[in-house]
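First up is the structure itself, then whatever we jot down about it.
Computed from the coordinates by the stated procedures, all read-outs in this text should not be read as laboratory data. A quick note: this is a predicted structure, and the numbers were derived from the prediction, not measured. Counting neighbours? That spans all protein chains shown, and the Cβs are built from the backbone with ideal geometry, glycine included.
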Amino acid sequence: MQQSHDVCHQAVQESERPLALVQLDEAARRDTVHSQRRVDVQEEQMTDVAKKSVTVLVIAFAAFYLLTQPENAAAALKTALDAVVDGLRAIARFFTALGD
């Protein structure tokens, strides 16, 4: 009951405020929302640039490693693939054990 009284009281106070102040408050709220959206877009653009930069660096490193040390690159790839296969086998054993 007190809460509805407070809301009504606040509405009466706002209706008593000069229209210019109400309009200024609304404009300030819109500007704040607009500024926050602009910041969000800028952060998203920076994140995209960072992701692209890291991707390019990883590809460049992989190409350099492959061209300068092909045997080591092949061994590293084989090790990575073996780890993936081992992980898939472990998952298969898990689901097989669930069925037992």
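Observations on the model:
- With a simple spin-label model that places each label point 7 Å from the Cα along the Cα-to-Cβ direction, the separation between Asn72 and Thr96 comes to 3.8 nm.
- Potential extension, Glu44-Ala80 segment - 0.36 nm per residue separation minus Cα distance: 9.8 nm
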